[in-house]
Amino acid sequence: MKGRVMKSTGSWYILQSEKGTISARLRGKFKQEGLKLTNPISVGDWVDWDYEEQQETAVIRDILPRENYIIRKSTRKQQFSHILASNIDQAFLVVTVRDPRTSLGFIDRFLVSTESFRIPAYIIVNKADALSKEKDVEYLSLLKEIYDPLGYPVLKISALNQENLIEVLAPFLHGKTTLLAGHSGVGKSTLLNRLIPQANQATRSVSKFTSKGVHTTTFAEMFAFGDEGFLIDTPGIKEFGILEIEDQELSHYFVDLRRYLGQCRYHNCKHVNEPGCAVMEALEKGEIHPYRYESYLNILYEEDSHR
Ligand SMILES: Nc1nc2c(ncn2[C@@H]2O[C@H](COP(=O)(O)OP(=O)(O)OP(=O)(O)O)[C@@H](O)[C@H]2O)c(=O)[nH]1
Ligand SMILES: [Mg+2]
Ligand SMILES: [Zn+2]
């Protein structure tokens, strides 16, 4: 039978299928696409499962091919990667301006991962109610200035005050599988609870000492939204480690750099200091935002330092 993984703890799974919601185990090991994964099966996966009479349990036999997935380097196990979720229609990166502040570098890394499958991404600025200082308001304007023109809508909300949830966010969610991702403490679970009250996800205040989240959600979990939509709550991410990407490939995952590809003098241009580089010309003309180019270089150099 076919089913979809709603929750995965690593040792057992909750599936949704025509037989309703069931818990299942995994038989054997899967080797996939040459990736070393800390979680062979992720939330959002479609799987083939059987009921094993003898053990009185549902067993996952196989994973159906993934349409897409969001993957990052595991922070716990070197050389391993972790799939946040798979088969998603869109990603909501939940960010905050303060307590904790989400950096541009983090946002750009996440967007590289969504771009690698051309998954539409939104930047959801939560805690709009707490934007009192001038420099916080300026940061929000900067986010809008950078990302709106690139096709990543920047949407300001307050999960706490329910500001813009029903009017602005909900219309994007119907009939879609939406991933909620972001740092710990930005309010992903609070937002999910507002949109799906019966989800009843645990939430906890940000640490007073570090202004950072305390990693309340520990496993990704998918919840039905309306008739055919799903929302996936995920554990907070500290750093988004991108899997090895070839130098020449990286610019394909920056929408703003991608526009100029093929126009550089050298076909293997890395857009760093090569003569006749169309990307650097665009940067000088102000067609590419300097912060985005800075993120591009940071990722490029960081990947290099691993070789
Ligand atoms: N002021 C304000 N606080 C909020 C808002 N949304 C969430 N919070 C608070 O932020 C804290 C963290 O919220 P959570 O929903 O637990 O954050 P999370 O992103 O799920 O965190 P992890 O599960 O650790 O990844 C809680 O104290 C929430 O009440 C908001 O819109 N405004
Ligand atoms: Mg949470
Ligand atoms: Zn170039």
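The values are calculated or read from the model by the stated rules, or taken from the named source; none is laboratory data. For clarity, every value in this text was computed on a predicted model and none was experimentally measured. Ideal geometry is used to build each Cβ from the backbone, glycine not excepted, and the neighbour counts take in all protein chains shown. Surface accessibility is based on the protein's heavy atoms, side chains included, excluding ligands, DNA and RNA. Shrake-Rupley method; radii C 1.70, N 1.55, O 1.52, S 1.80 Å.
Key figures
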| item | result |
| --- | --- |
| Residue 242 vs. criteria without any contact (Cβ under 8 Å) to a residue 12 or more places away in the chain, of a type in the set (Val, Ile, Thr) and more than 9 Å from ligand 2 (Cβ to nearest atom) | no |
| Residue that is farthest from residue 113 (Cα to Cα), among those in region 232-274 that are small (Gly, Ala, Ser) and within 13 Å of ligand 3 (Cβ to nearest atom) | 262 |
| Out of 258, 292, sole residue that is farther than 27 Å from residue 165 by Cα, surrounded by fewer than 14 Cβ atoms within 10 Å (Cβ to Cβ) and at pLDDT 95 or above | 258 |
| Test result for residue 189, open to solvent by less than 80 Å² (accessible area, probe 1.4 Å), more than 16 Å from ligand 1 (Cβ to nearest atom), assigned to a helix (DSSP H, G or I) and of a type in the set (S, T, N, Q) | no |
| Residue in region 232-242 that is more than 30 Å from residue 164 (Cα to Cα) and either open to solvent by 90 Å² or more (accessible area, probe 1.4 Å) or among the hydrophobic types (A, V, I, L, M, F, W, C) (or both) present | yes |
| Top-ranked residue of region 204-231 - restricted to ones that are open to solvent by 40 Å² or more (accessible area, probe 1.4 Å) and of a type in the set (A, V, I, L, M), ranked as farthest from ligand 2 (Cβ to nearest atom) | 224 |
| Yes/no for residue 299 being touching an Asp or Glu at 6+ places or on another chain (Cβ under 8 Å) and at negative phi | yes |
